[in-house]
Amino acid sequence: MSAATPNRSEYAPGMAGATPPCILIVDDRRENLLATQALLRPLGAEIITADSGEKALTLVLKSEFAIVLLDVQMPVMDGFETAQLMKTRPSMANVPIIFITAISKEDHFATRAAQIGAVDYIFKPINPDILKSKVSVYLDLYRQREQILQLNASLRQSNEELERFAYVCSHDMQEPVRMMNAYASVLTEFAGDELSEDSKRYLGYIHDNAVRMQKMIRDILSFSRVGREEVTLEVVNCREIFDEVVHELHDTIARKQAVVTSDGLPILKTSPTLMRVLLQNLVGNALKFQDGSHPPEVSVTAKREAHVWRFEVADNGIGIDPALSNRLFTIFQRLHREDDYPGTGIGLSTCRKFVRLCGGDMSFTSRPGEGSVFTFTLPDGD
Amino acid sequence: MRPQLDILLVEDNEGDVEMTRRALTTAVPAVRMTVANNGNQALECLHKEGKYEGGKTPDLILLDINMPRMDGKAFLNVVKESTEFKSIPVVMFTSSESPADIRECFERHANGYVVKPFDGTEYAKTLRQVVSFWGSTSELPS
């Protein structure tokens, strides 16, 4: 069985988990300790023994154990009492304890053992194969849990590094892009009359692409800021933020003759920045992803459900191809050509990351050609 | 309005120095611009040391944030904690829009925070507005 478990060092070389797991065997009879020790040695774990409950308790203060084998009948402090005291330590709460006993096969002992938190109850004389395979199962579980913990830690670390990388990168890239754009315009202004039409066009390309790159950098920066900067919760009037966002989008709304309405937007305790980012992106997208055959209609509504507010932003736009829907919230994923629907593919991923950070979630439904409904939930803040 | 404004530009990017110089040639009031490439040089300038000997105390400091050696925030600290220089208006002129940077600079008593506009024409216009504003406030007491 242990052969099926990948070597931990493959996952995280040199990390603390590379040390073998420990088994603690507690029995007042030395010959029993030796026998069990010999039996379990092939499993590859480190084995530590104690000949009394008191000694066992001292040992669990010092070391971390994958499993404890505990004799029930011992002088001074019996196995049940020892287990009970062990379980009061937080580090021992999840450590499996197997009781080994010769005294009784009566149910109430097994029941008491289970109440204390024993995972198993083995009777003497011990069947070596059964004990070995039981211990082996718990060792594997322990190893797997350790692996998951280590993987989680290294994932968390590389995520943090990536976010920091994105932040530093985009922050430092702003400067040179701005400079490129500035000097393209200085050149146009400076030498405008002497430039050929081609040269002017080429300078135009530099300008257009610098502007596009700047937009991307700003979007990456706001994506990476979510989670880096502290979220402050305030009493937020969502209707007011909606009105401000509509005001900001006024030119687009007027040009497209769009109708943007709201209903039931609450006052709730949340991040005002989050609400603004969500409405800017979702209403902005609803206005953008339209084929121009009819005026856009966008409605933003909210209703209260158990412990959450559910917001919906519905539009009558081009909709989303269901085949592409799983890519929608992935950063840099764009489902359309830049010329058709300009954008950086960061907005929705920023929205979902932010919503999740605030304890909510985000999803959508759509009918291609008829429109989409984006839904997000937020804790009601009470 | 004063006939001339002495500005200390603290900026390490040559391109920005050049852009600023160009923008301010047509500024009202007229500008005499001194350049320091980092906080250390800017301090030398305030103390009229080294290559800045015989110079004038600036009427306004335009200060970038990200610079080698002493950065903008550290220099701002020194200026605003000094009895001699704290009355000189300091306007941050930077590409950082980070809320943390903005907050920190105002906490250190910056007199203004202007994000360098991306567009070249806007850049020049904004600088001239800054100069016009500070040029029309009363002169510093000597």
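Choose one answer from A:Ile267, A:Ile67, A:Ile130: the residue with the largest mean-square fluctuation in a GNM of chain A with alpha-carbon springs under 10 Å. It is A:Ile130. Round to the nearest 0.05 the FRET efficiency obtained for A:Thr19 and A:Ser293 when R0 = 60 Å and r is the Cβ-Cβ distance. Working from the Cβ atoms, E equals 0.35.
Among A:His171, A:His250, the ranking by other beta carbons within 10 Å of each residue's beta carbon, starting with the fewest, stands as A:His250, A:His171. Taking amide H as placed 1.01 Å from N in the peptide plane, A:Asp361 has its amide H under 5 Å from the amide H of A:Thr377, each at least 5 places away in sequence or on another chain.
With both partners inside the protein assembly as shown, how many of the DSSP beta bridges are antiparallel, as a percent to the nearest 5? Numbers along the way, then the final one.
Values: 26 of 68 bridges.
Here the antiparallel bridges make up roughly 40 percent for the protein assembly as shown.
Just to be sure I understand the model, the point goes 7 Å from the Cα along the line to the Cβ. What's the resulting A:Ala323 to B:Asn77 distance in nm? About 5.9 nm separates the two model spin labels.
Pull out a ≥ b ≥ c, the square roots of the eigenvalues of the alpha-carbon gyration tensor of the range B:17-73, then state rounded if a/c is under 1.5, prolate if not and a/b is larger than b/c, and oblate in the remaining case. Let's see the in-between values first.
On the way: a/c = 2.19, a/b = 1.27, b/c = 1.73.
It is oblate, given that a/c is not under 1.5 and a/b is not larger than b/c.
Annotation: amide H-H contacts under 5 Å for A:Ser262 (H modelled 1.01 Å from N, sequence separation of 5 or more, or interchain): A:Val300.
Model label points for A:Phe109 and A:Val231, set 7 angstrom from Cα along the Cα-to-Cβ axis, are 5.4 nm apart. Rounded to the nearest Å, what's the spacing between the alpha carbon centres of the range A:187-204 and the range B:1-55? Just the number, please. The range A:187-204 and the range B:1-55 have Cα centres spaced 31 Å from each other. For A:Val259 and A:Leu335, a Förster radius of 22 Å and the Cβ-Cβ distance give a FRET efficiency of 0.30, rounded to the nearest 0.05.
Out of the range A:196-278, which GluC sites (Glu not before Pro) are coil in DSSP terms and have no more than 11 other C-beta atoms within 10 Å?
Here the sparse-neighbourhood loop sites are A:Glu230.
With contributions of -39500 (n - 2.57) from each DSSP H run of at least four residues, the per-residue ellipticity at 222 nm computed over chain B stands at -11500 deg cm²/dmol. The phi-based Karplus calculation (6.51 cos²θ - 1.76 cosθ + 1.60; θ = phi - 60°) puts the 3J(HN,Hα) values of the range A:215-223 at 4, 4, 4, 4, 5, 5, 4, 5, 4 Hz, whole numbers, x for Gly and Pro. Converting phi to 3J(HN,Hα) with the Karplus coefficients 6.51, -1.76 and 1.60 and the offset θ = phi - 60°, the range B:5-21 yields 10, 8, 10, 9, 9, 9, 7, 9, 8, 4, x, 5, 4, 5, 4, 5, 4 Hz in sequence order, with x at every glycine or proline. Ranked by how many other Cβ atoms sit within 10 Å of their own Cβ, fewest first, the residues B:Arg69, A:Arg276, A:Arg178, A:Arg337 fall in the order A:Arg337, B:Arg69, A:Arg276, A:Arg178.
Loop-only GluC sites (Glu not before Pro) in the range B:49-141, please: DSSP not H, G, I, E or B, and at most 10 other Cβ atoms within 10 Å. Spell out each step's value before the answer.
Values: sites: B:Glu49, B:Glu53, B:Glu81, B:Glu84, B:Glu97, B:Glu104, B:Glu107, B:Glu122, B:Glu139; in loops: B:Glu49, B:Glu53, B:Glu81, B:Glu84, B:Glu97, B:Glu139.
For GluC sites (Glu not before Pro) across the range B:49-141 that sit outside H, G, I, E and B with at most 10 neighbouring Cβ atoms in 10 Å, the list reads B:Glu53, B:Glu84, B:Glu139.
Using a 10 Å cut-off around each Cβ, can you sort A:Met74, A:Met173, B:Met67 from fewest to most neighbouring Cβ atoms? Intermediate values should be presented prior to the final figure.
Numbers: A:Met74 21, A:Met173 16, B:Met67 24.
Final ranking by Cβ density, sparse to dense: A:Met173, A:Met74, B:Met67.
Take the alpha carbon gyration tensor of the range A:158-225, find the square roots of its eigenvalues, order them as a ≥ b ≥ c, and report rounded if a/c is under 1.5; if not, report prolate when a/b exceeds b/c, else oblate. It comes out prolate by the Cα gyration axes. The amide H of B:Arg32, built 1.01 Å from its N in the peptide plane, has B:Leu5, B:Asp6, B:Ile7 as neighbours under 5 Å, considering only residues 5 or more places off or on other chains. Structural descriptor for chain A: relative contact order 10 percent, calculated from alpha carbon pairs under 8 angstrom and at least 6 residues apart.
In this simple spin-label approximation, A:Thr252 and B:Phe106 carry label points 7 Å from Cα along the Cα→Cβ vector, and these lie 2.8 nm apart.
Taking the Cα centre of the range B:4-134 as origin and assigning +1 to Lys and Arg Cβ atoms and -1 to Asp and Glu Cβ atoms, the resulting dipole is close to 340 debye.
Quick check on chain A: helices-only [θ] at 222 nm, where DSSP H runs of length 4 and up contribute -39,500 (n - 2.57) each and the sum goes over total residues. Nearest 500, please.
Working: 11 runs with 183 residues, N = 382.
The helix-only estimate for chain A comes to -16000 deg cm²/dmol at 222 nm.
Taking the radius of gyration and the Kirkwood hydrodynamic radius from Cα positions alone, what is the Rg/Rh ratio for the protein assembly as shown, to two decimal places? Here the Rg-to-Rh quotient is 1.16.
Derived scalar couplings between HN and Hα for the range A:132-147 equal 4, 6, 5, 4, 4, 4, 5, 5, 4, 4, 4, 4, 5, 5, 4, 4 Hz in order, rounded to whole Hz, by the Karplus curve 6.51 cos²θ - 1.76 cosθ + 1.60 (θ = phi - 60°), x for Gly and Pro.
Quick note: the coordinates plus some simple rules give every number you see, no bench work behind them. Note that this is a predicted model, so its numbers are computed, not measured. Virtual Cβ from ideal backbone geometry, glycine too; neighbours counted across all protein chains shown.
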